[in-house]
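The values are calculated or read from the model by the stated rules, or taken from the named source; none is laboratory data. All figures in this text were calculated on a predicted structure; none of them were measured in a lab. Note that each Cβ is placed from the backbone with ideal geometry, even for glycine, and that neighbours are counted across all protein chains shown.
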């Protein structure tokens, strides 16, 4: 059984981990949540929502507990590497929130340490298992589109208040998701072209990006975010030599309004208005137009894979080289944004 200790108790743990982990009582037990003492002051009520979990401000209690075999890092980004290394040094496997590290070099150091210790360290690239991404993957795997020519991924917003923001971090905090989805699905590209900047503060922020990935087979993938998009694009647009697929934007559970008590996630199928649109020419030359039901999003798949990797020798879903490549791309994109005029 995976015996888990979380480092941190923010939105990520409550919204993107616990609701999925608690659906797997046969394979996962959450034993600890570590919080700094100053973070607990005035926030004790939330701890009572999880009476089966031990809350502690003693990091050594977590690290020295031999029953704990997986530490999940959910701290601010700058602390990901130090806590991951500490857990590995104490013989714990690690699942770390993204960005896994701030640089590709740091990430490689962590993976090397994990290998030296004979342990698993993996990035929690859970957005590979969003409902929309799982639906796109189902269509790709069906083969009905033929050879894929172009994939376009949009995370767009209409937030004119972005004009009041300067500084960097959107590439690390947001672009890390769609970049990983492309790398995870199609592999490492042979060329990347960057348009990364700020509309209002060029050279001082990174709130606009359009990153193009080129592959040996002629396929191109586009990852794009703008805060000045009033009408929704499809979340994904996929064009193949035999047809096209449009996946609408579904919204995201981060938009759910919090209420007292543990966060509840719906695992019910989405209504037809959210389904994707598929059009292709089949092997008989017939023009097929149909709607594709949305797959169920499930971030717990990451934990299923960790169980397999830790106890059964299975292969990690999120490969070390993929994490390193994603960070390399984000580092380059940030430098481009800093140089924008």
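Okay, here's what the table says:
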{"quantity": "Selection within region 269-305 - part of a loop (DSSP other than H, G, I, E, B) and either more than 16 Å from residue 132 (Cβ to Cβ) or in contact with a strand residue (DSSP E or B) (Cβ under 6 Å, 6 or more places away or on another chain) (or both)", "calculated": "275, 282, 283, 284, 285, 286, 300"}
{"quantity": "Filtered residues of region 163-199 (kept if more than 23 Å from the chain's Cα centre (by Cα) and either part of a helix (DSSP H, G or I) or closer than 12 Å to residue 221 by Cα (or both))", "calculated": "163, 164"}
{"quantity": "Matching residues in region 202-232 - criterion: being farther than 16 Å from residue 156 by Cβ and surrounded by fewer than 18 Cβ atoms within 10 Å (Cβ to Cβ)", "calculated": "202, 203, 204, 212, 214, 215, 216, 217, 218, 219, 220"}
{"quantity": "Odd one out for residue 117 among (1) outside the structural domain of residue 288 (by TED's automatic domain parsing); (2) more than 22 Å from the chain's Cα centre (by Cα); (3) within 24 Å of residue 301 (Cα to Cα)", "calculated": "(3)"}
{"quantity": "Odd one out for residue 101 among (1) in a loop (DSSP other than H, G, I, E, B); (2) touching a strand residue (DSSP E or B) at 6+ places or on another chain (Cβ under 8 Å)", "calculated": "(2)"}
{"quantity": "Qualifying residue in region 13-25 (condition: in contact with a strand residue (DSSP E or B) (Cβ under 7 Å, 6 or more places away or on another chain), surrounded by fewer than 22 Cβ atoms within 10 Å (Cβ to Cβ) and more than 27 Å from residue 320 (Cα to Cα))", "calculated": "no"}
{"quantity": "Failed condition for residue 136, given (1) within 22 Å of residue 307 (Cα to Cα); (2) in contact with a strand residue (DSSP E or B) (Cβ under 7 Å, 6 or more places away or on another chain); (3) in a helix (DSSP H, G or I)", "calculated": "(1)"}
{"quantity": "Residue tally, condition closer than 30 Å to residue 288 by Cβ, touching a residue at least 60 places away in the same chain (Cβ under 8 Å) and crowded, with 18+ Cβ neighbours inside 10 Å, over region 153-178", "calculated": "3"}
{"quantity": "Complete set of residues in region 208-225 that are more than 19 Å from the chain's Cα centre (by Cα) and either under 20 Å from residue 278 (Cβ atoms) or touching a residue at least 60 places away in the same chain (Cβ under 8 Å) (or both)", "calculated": "217, 218, 219, 220"}
{"quantity": "Out of 181, 125, sole residue that is buried (at least 22 other Cβ atoms within 10 Å of the Cβ) and either outside the structural domain of residue 277 (by TED's automatic domain parsing) or more than 20 Å from residue 234 (Cα to Cα) (or both)", "calculated": "125"}
{"quantity": "Residue in region 316-330 that is without any contact (Cβ under 8 Å) to a residue 40 or more places away in the chain and over 14 Å from the mean Cα position of the chain (by Cα) present", "calculated": "no"}
